[in-house]
Amino acid sequence: MGKNLNIEIDGAIAVLTLNRPDKRNAMSDGLLAEIDAFFRTTPDGVRVAVITGAGGHYCAGLDLSEHVSRDAEGTMHHSRGWHEVMDRVQGSGLPVVSALTGAVIGGGLELATSTHVRIAEPDCIFQLPEGRRGIFVGGGATVRVGRILGADRMTEMMLTGRKFDTEEATRLGLAHYSVGTGEALPMALKIAAQIAGNAPLSNYMMIQGIARIHDMSRSDGLFVESLCAALAQTSPDAVEGLAAFLEKRAPRFR
Ligand code: 1HE
């Protein structure tokens, strides 16, 4: 267990709890480093990660008390460091499910949109308040939030600093599921278990392939889709998955 991140592993599922409740789980350099360390060397046997926050908030974004002391060069390196960590969260090979409560603000939204499944309780606040703080996003929001909302709506969200509630955020795609109070983590664990039951290579292709293909031209994307299909469909798990379907039983993947 790290100082800022609580990690609990139960079988195939690791639950990572951002653990700075006094600061509404604001992302300090230390917390970012602990998230990075987990996704760099994901423990053997873990197939899916769940990220949540202690104390009723997911993450209140960049720790503003640390930010004040950075100059331009330091801020550039810091932002590039965030990009590296958020890329690792998205692309370590582990599917990641977020259980969202309270603040999903600034860098908190950048973290959430680096994860693959987002489940939100009714009290969530989705906001990019950087304009109000005299700063700009730096943890990947222009790319990840921008692709979910589109440049037009993200610009409006930042200009106005408006807060989206869970219903609106779900409608817009910032969250995928809207659930009742106290239900996000249980549902995240349930969905994580389902995902852990998929063939690992299929999960890997979903995580690695789909976002990349989105960045490609149509013809490159279609070609890479065929490569992913060729690898997945000739794997031992495909033999097992298809046999299980025909024999009307649950598959037993690697
Ligand atoms: C913090 C932070 C933080 C809280 N950095 N200390 N993020 C923001 O601009 C969001 C700023 N925070 C808030 O809007 C509110 O704190 C909340 C809506 C999240 C929660 O409100 P509340 O009333 O429950 O708590 P609070 O009293 O505002 O905050 C409790 C403590 O957490 C308080 O410290 P204390 O010492 O006075 O007890 C706050 O200062 C502290 N705290 N949020 C540092 N973010 C890669 S670039 C990304 C750029 C960004 O993320 S910008 C958006 C930053």
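Every number in this text was worked out from the coordinates using simple rules, so none of it is lab data. Bear in mind the structure is a predicted one, so any value in this text is a computation, not a measurement. Ideal geometry is used to build each Cβ from the backbone, glycine not excepted, and the neighbour counts take in all protein chains shown.
Worth a mention:
- The stretch 52-73 versus the stretch 180-196: alpha-carbon centroid distance in Å: 26
- Taken about its Cα centre, the chain carries a charge dipole of about 280 debye when Lys and Arg each add +1 at the Cβ and Asp and Glu each add -1 at the Cβ.
- Euclidean distance of C-alpha centroids, the stretch 82-100 and the stretch 1-26, integer Å: 14
- Distance between modelled label sites at THR181 and ILE135, nm, 7 Å Cα→Cβ extension: 3.1
- Loop chymotrypsin sites (Phe, Trp or Tyr not before Pro), the stretch 121-174, which have at most 15 other Cβ atoms in a 10 Å radius of their Cβ (DSSP): PHE136
- Considering only alpha-carbon pairs that sit under 8 angstrom and 6 or more positions apart, the relative contact order computed for the stretch 5-196 is 22 percent.
- In the stretch 196-248, the GluC sites (Glu not before Pro) that fall in loop regions by DSSP, at most 12 other Cβ within 10 Å: GLU247
- Listed values for the stretch 159-166 are Karplus-derived 3J(HN,Hα) couplings in whole Hz (6.51 cos²θ - 1.76 cosθ + 1.60, θ = phi - 60°), namely 4, 8, x, 5, 9, 8, 7, 4, and x replaces Gly and Pro.
- Rg/Rg_ref, the chain, where Rg_ref = 2.2 N^0.38 Å and atoms are Cα: 1.04
- Quarter of the Cα convex hull surface for the stretch 1-82, i.e. its orientation-mean projected area (nm²): 5.7
- Alpha-carbon Debye profile of the stretch 200-246, log10 I(q)/I(0) at 0.13, 0.15, 0.19, 0.34 Å⁻¹: -0.33, -0.42, -0.61, -1.17
- For the stretch 158-254: relative contact order, % (alpha-carbon pairs under 8 angstrom, 6 or more apart): 20
- Adding -39500 (n - 2.57) for every DSSP H run of four residues or longer, then dividing by how many residues the chain holds, sets the calculated 222 nm ellipticity at -15000 deg cm²/dmol.
- The stretch 39-113: trypsin sites (Lys or Arg not before Pro) falling in loop per DSSP and having at most 14 other Cβ within 10 Å: ARG70
- Principal semi-axes in Å for the stretch 115-239 [√(5λ), Cα gyration tensor, largest first]: 32, 22, 10
- Between amide H atoms placed 1.01 Å from N, distances below 5 Å from ILE125 occur with GLY102, ALA103, VAL104, all of them 5 or more places distant or on a separate chain.
- Note that the stretch 217-230 has calculated 3J(HN,Hα) couplings of 5, 4, 6, 5, x, 5, 5, 5, 4, 5, 5, 4, 4, 4 Hz, one per residue in order, obtained from phi through the Karplus relation 6.51 cos²θ - 1.76 cosθ + 1.60 (θ = phi - 60°); glycine and proline are x.
- Summarising the label geometry, the points placed 7 Å from Cα in the beta-carbon direction at ASP152 and GLU168 lie 1.7 nm from one another.
- For the stretch 59-147, the Stokes-Einstein estimate of translational diffusion at 37 °C and a viscosity of 0.692 mPa s comes to 243 µm²/s, using the Kirkwood hydrodynamic radius over alpha-carbon pairs.
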